[in-house]
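Notes for the one structure printed next.
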Amino acid sequence: MVFKKLFLLSFARNLFLFSFCLFFGFAQPASAYLPRIIYNQSTDIQVKEPEVSQVFYDELGGSPRNYLIHSDKDFNLYINLLVPAYSNSNGRYSAKIFLVKNTPTTSGQAEDEEISFIDGQTDFLWKEFYEPFGRDYYFLGPEFEKNLSSGDYKITIFSYENRGKYVLSIGKEEKFSLIEILNIYWVMPLLKMEFFKTSVLEFFLTPFGLIVVGLIAILLSIIACGVFIGFINELIESRKPKMLLLTSSGMAGTKEEILSVLSKPADKVRVAHIITASKVQEDTSYTDKDRQLMKEAGFNVEDIDIEGKNKSQLMKILEAVDIIYVQGGNVFYLLKQMRKSGFNKIIKKLLTKGIIYIGVSAGSIVAGKSIETASWKNNKDKFGLMSLKGLGLVKSNIFVHYKPEDAEIIKQKPSGIKKKLRILTDEQALFVFGKKITLVGEGKAINPLLE
């Protein structure tokens, strides 16, 4: 079970009932996860009711952390490891589960029996995951689930250095009392400030924050409350950080980097494969190869030509996908058709909906401030395009397919242009998350100021 309902109340359905409980003191159960702050504790953690969904926020300080479970009956144990994306993006953790044996062996000491080793450090691919209800970003780690007999158990969380923040989710049963609900209003702001290192004001854009506002609105008017909640939800949707992956060679050179940005299994990912730039190329084999590689990875791929379409048509098509994959080809032709179709007007709105933009060659260049780098190596047909202003999704110009012999070309450019330049080889990509840009792939970053 993916960690997808953190602190979730079924807000619209239970709002009135929850308000009644608050004012009249009836403790009604609600569907959610229980947040547990333990990073300020140094002792082992006692886990009560292991089948109830609980989320432990911890930070290793040089040694592993043990979670102890005692159950008088058989139970289902579910765990899931995660790390907070902003405050520990490189953290990777593993877990071992032991049956604690209290009967001494012949050596005189009781030896715990290892049940499972959950390896999140060797080959496991941690994938980025956005949790909309708490408005937090994580890297999603390994899961474990098994029916266990009654007895004593120990879960040990560790990493190579045994340092850094992580999150452990235990249990699936989502029930707790009014007291637990009220406790979240203390715990959540504290987590925002101390654990996620974000503003406490972010809490009031989560469903639990909205409940406070919603209760006031109920007293004024049920109708006004519904309108207000709808407005807040739209505001939250519009503030999602943009996510882009700008590559030179797409799946052929940066397949692993593309797969790493997925928030769900590849066979659930819908890809709009924008092939417009390749239409004017004599050799389109690279497009066929990219398409085939995506399908082999499990993507649901649909070729889209933006030429001849308008904004409303494109919005209807593209808002239903997970990835907008803009293929390479002639940059000038691509930008011309983006302007004619209105793609350049809607792409930023689509990114706020959580849709990922992946550029390949021309698709990457056009995402920058300008497409002037497209003609540095050779003179391409500009198709009557006068303005070279790009989509402006990043504040740099992009130079793709870099090889050592291109250094002389770049060296001749004015320093003002080179300062705003990002250079990519065929094995590199730029990962853009909000305002942060990170070089991923093989090799070191190439300094545009080559002289």
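Numbers below:
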item	result
Per-residue HN-Hα couplings for the stretch 412-417 [Karplus 6.51, -1.76, 1.60; θ = phi - 60°; Hz; x = Gly/Pro]	6, 7, x, 4, x, 6
Packing-based exposure ordering (other Cβ within 10 Å, fewest first) of F433, F383, F299	F383, F433, F299
Furthest towards positive pole of dipole, Y130, N80, G120, structure part the stretch 38-173, Cβ charges	Y130
Simple Cβ-charge dipole of the stretch 248-360, Lys/Arg +1 and Asp/Glu -1, about Cα centre, in debye nearest 20	700 debye
Whole-Å distance, taken between Cα centres, linking the stretch 313-377 and the stretch 389-451	18 Å
Estimated dipole of the stretch 243-441 in Debye, rounded to 20 [Cβ of Lys and Arg +1, of Asp and Glu -1, Cα centre]	1220 debye
Share, in percent, of DSSP beta bridges within the stretch 318-451 that are antiparallel, nearest 5	50 percent
Cα gyration tensor, the stretch 340-419 - rounded (a/c under 1.5), prolate or oblate	prolate
Under 20 Å from the Cα of K435 - aspartates and glutamates, other chains or at least 8 residues apart	E128, E131, D136, E202, E237, E257
Extension reserve of the I437-K420 stretch, reckoned as 0.36 nm per residue once the Cα distance is removed	4.8 nm
Least to most buried among R163, R36 (fewest other Cβ within 10 Å first)	R163, R36
Global geometry of the stretch 280-321, whether rounded, prolate or oblate, following the gyration tensor of its Cα atoms and the 1.5 cut on a/c	oblate
Dipole of the stretch 271-355 [Lys/Arg +1, Asp/Glu -1 at C-beta], most positive-end residue of L293, M315, Q327	M315
Cross-link pairs K127/K172; K349/K395; K316/K353 - those with Cα-Cα distance over 19 Å	K127/K172
Gyration tensor verdict on the stretch 31-159 (Cα atoms; rounded if a/c is under 1.5, prolate if a/b is larger than b/c, oblate otherwise)	prolate
Residue order, fewest to most surrounding Cβ atoms within 10 angstrom, among Y39, Y153, Y93	Y39, Y153, Y93
The stretch 290-444: relative contact order in percent, alpha carbon pairs under 8 Å with at least 6 residues between	17 percent
HN-Hα J in Hz across the stretch 305-315 - Karplus 6.51, -1.76, 1.60, θ = phi - 60°, x for Gly and Pro	10, 7, 4, x, 9, 10, 4, 5, 5, 5, 4
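We did not get these values from a lab; they are worked out from the coordinates using the rules stated. Predicted model, so just to flag it, every value in this text is computed and none were measured. Virtual Cβ from ideal backbone geometry, glycine too; neighbours counted across all protein chains shown.
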